[in-house]
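In what follows, a structure is listed as structure tokens, so that the remarks can point back to it.
Only the coordinates and a few stated rules stand behind these numbers; no lab work does. All figures in this text were calculated on a predicted structure; none of them were measured in a lab. Backbone-built Cβ (ideal geometry, glycine too); neighbour counts: all protein chains shown.
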Amino acid sequence: MKIAVYVPGSGESLKPKFIVGTFFPLFERFPRHELLFITDKNSELKLPSQFEVINIKPQPKNPLLKKLWIERTLTRELKKAGANVFVSADDFCSLNMTLPQCILMPNAEKIKPAYISKAQLLIVTSGSEKEKLTNKFKIPADKITVVYPSPGKNYFPVDTEKRESIKDKYSENKEYFLYNSIFRTQEDLINLLKSFSHFKKRQQSSFKLLLITESNFSFKKSIGNYKYRDDVAVIGQVSEKENAEIIATAYAVVLPFDTYVDIAASLKAMQSGIPVITARDSSINEVAGGAVLYGDNEIKDIGEKMMQLYKDEGLRSALIEKGKETVKNFTQEKSAADLWQSIMKVLN
């Protein structure tokens with residue numbers, strides 16, 4: 001059987017990582033099946049050499065030309081490759097192909113109803129995303145399956161020497177809270193800064209706040225006008241190894257906004273031996289249960305939870321141990337097995 005997957009060359013960062021992290025174990029588990037990755041010629045995606053990669057010209061931005069690109073260029077490649085099933089890691093599928101199709105991580109705010117209707121299955125990475133799609137498009141719940149991400153095998157605790165090296169490089173040898181997710185709005189950034197202000201005012205500590213996230217002009221302007229701007233550092237693109245070391249050196253990871261990447265971010269932190277602070281109604285609750293520290297969706301309360309961890313080393317240690325146990329249930333092999341079952345569901 002040939003499984004064809006389309007991965008756009010740029011865009012949301014979780015999708016390519018999720019695909020490589022789940023399809024690679026799938027390939028190892030079922031070596032008699034072929035995995036075909038179709039991606040843009042300008043793609044920056046790094047794929048293992050074992051995968052067969054089919055380069056395709058980038059999709060046009062013009063809606064009409066994009067439709068032609070899907071129905072002609074993409075479908076031609078799928079037919080030429082002899083694909084048995086098509087997985088789209090973008091917010092579309094072909095409206096004309098009879099080939100079984102599923103859409104991976106559809107964005108409920110962007111995807112068109114026609115694609116939702118055409119696809120045999122939608123694959124999401126949280127129950128909250130499933131609920132959002134079900135409610136918006138009024139589709140049967142069994143048309144959507146949840147495949148939770150895994151943290152991957154590059155995230156683990158680091159020794160004291162490495163921790164000191166990372167703090168020397170990124171936080172002036174100070175302890176730091178870390179935000180390793182995306183900001184949906186400028187307001188989210190401002191609210192996180194306000195939460196950190198609440199912590200700083202109450203504790204008068206030397207703690208820093210590090211942000212591993214995409215930045216823009218307004219983003220930098222907000223930080224530039226911030227009272228504690230000297231205690232905030234934005235980290236740009238780094239290697240996955242460096243990213244893992246920064247996470248494993250944090251005092252705690254703070255994820256209060258419930259974005260689509262937060263489950264993966266929280267699992268990476270837990271596997272790295274780092275406690276997580278999140279909002280009470282976050283989708284992280286689906287995977288973490290009592291292994292993370294929950295606060296109300298209020299600026300002050302998130303700041304209070306930072307203080308709670310700062311003052312209570314016993315609580316911090318307990319959360320670390322709970323997190324290590326919890327994350328054992330979210331392996332690449334399990335994600336791959338769940339994904340395989342989803343693909344079989346489409347074919348049957």
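Span-like helix check, the chain: qualifying full DSSP H segments, with Cα axial length of 20 Å or more and mean Kyte-Doolittle of -0.5 or more, are 14-29, 313-327, 332-347. Neighbour counting of Cβ atoms within 10 Å sorts the residues D90, D188, fewest neighbours leading, into D188, D90. From the list [x] 38, 21, 19; [y] 34, 22, 18; [z] 54, 25, 16, can you say which value of semi-axes √(5λ) of the Cα gyration tensor in Å was derived from the structure given? The calculated read-out lines up with [x].
Its DSSP H runs of at least 4 residues, each contributing -39,500 (n - 2.57), put the calculated 222 nm mean residue ellipticity of the chain at -13000 deg cm²/dmol, to the nearest 500. Sorting the segments 292-305, 271-284 by their residues' average number of neighbouring beta-carbon atoms within 10 angstrom, most packed first, yields 271-284, 292-305.
Simple point charges give the picture: +1 on the Cβ of Lys and Arg, -1 on the Cβ of Asp and Glu, and for the chain a dipole about the Cα centre of about 960 debye. A simple charge model with +1 on the Cβ of Lys and Arg, -1 on the Cβ of Asp and Glu and nothing else charged puts the dipole of the range 160-327 at about 500 debye relative to its Cα centre.
If you look at the Cα atoms of the range 232-305, you get an Rg and a Dmax of 12.3, 34 Å. Straight-line cross-link partners of K118 among the aspartates and glutamates, defined as a Cα under 17 Å from its Cα and at least 8 positions apart when in the same chain: E71, D90, D91, D142.
Beyond 32 Å in Cα-Cα separation lie the following of the pairs K130/K220; K130/K328; K61/K268; K57/K112: K130/K220; K61/K268. Placing unit charges on each Cβ (+1 for Lys and Arg, -1 for Asp and Glu) gives the chain a dipole about its Cα centre, and among M105, A336, F183 the Cα reaching farthest toward its positive end belongs to M105. In terms of surrounding Cβ atoms within a 10 Å radius of their Cβ, H33, H198 rank from fewest to most as H33, H198. Loop only by DSSP, 13 or fewer other Cβ within 10 Å of the Cβ. Give me the trypsin sites (Lys or Arg not before Pro) in the range 90-142 that pass, ordered by residue number. Those satisfying the criteria are K110, K138. Were the residues from R229 through T185 laid out at 0.36 nm apart, the gain over their Cα-Cα distance would be 13.9 nm. Positive contributions from Lys and Arg (+1) and negative ones from Asp and Glu (-1), summed over other residues with Cβ under 14 Å from the Cβ of R316, come out at 0. Annotation: the residues M105, M1, sorted from fewest to most other C-beta atoms within 10 Å of their own C-beta, follow the order M1, M105.
Rg and Dmax over the alpha-carbon atoms of the range 41-172 stand at 19.4, 58 Å.
In the range 160-327, taking the dipole from charged Cβ atoms about the Cα centre, the farthest positive-side position among S171, L309, A264 is held by S171.
Of the peptides 207-218, 236-247, the order by per-residue mean of other Cβ atoms within 10 Å, starting with the highest, comes out as 207-218, 236-247.
For the pair the range 235-294 / the range 92-165, the C-alpha centres are spaced 19 Å from each other.
Candidates A252, F219, N297 compared by Cα position along the dipole of the range 160-327: farthest toward the positive end lies F219, with charges placed on Cβ.
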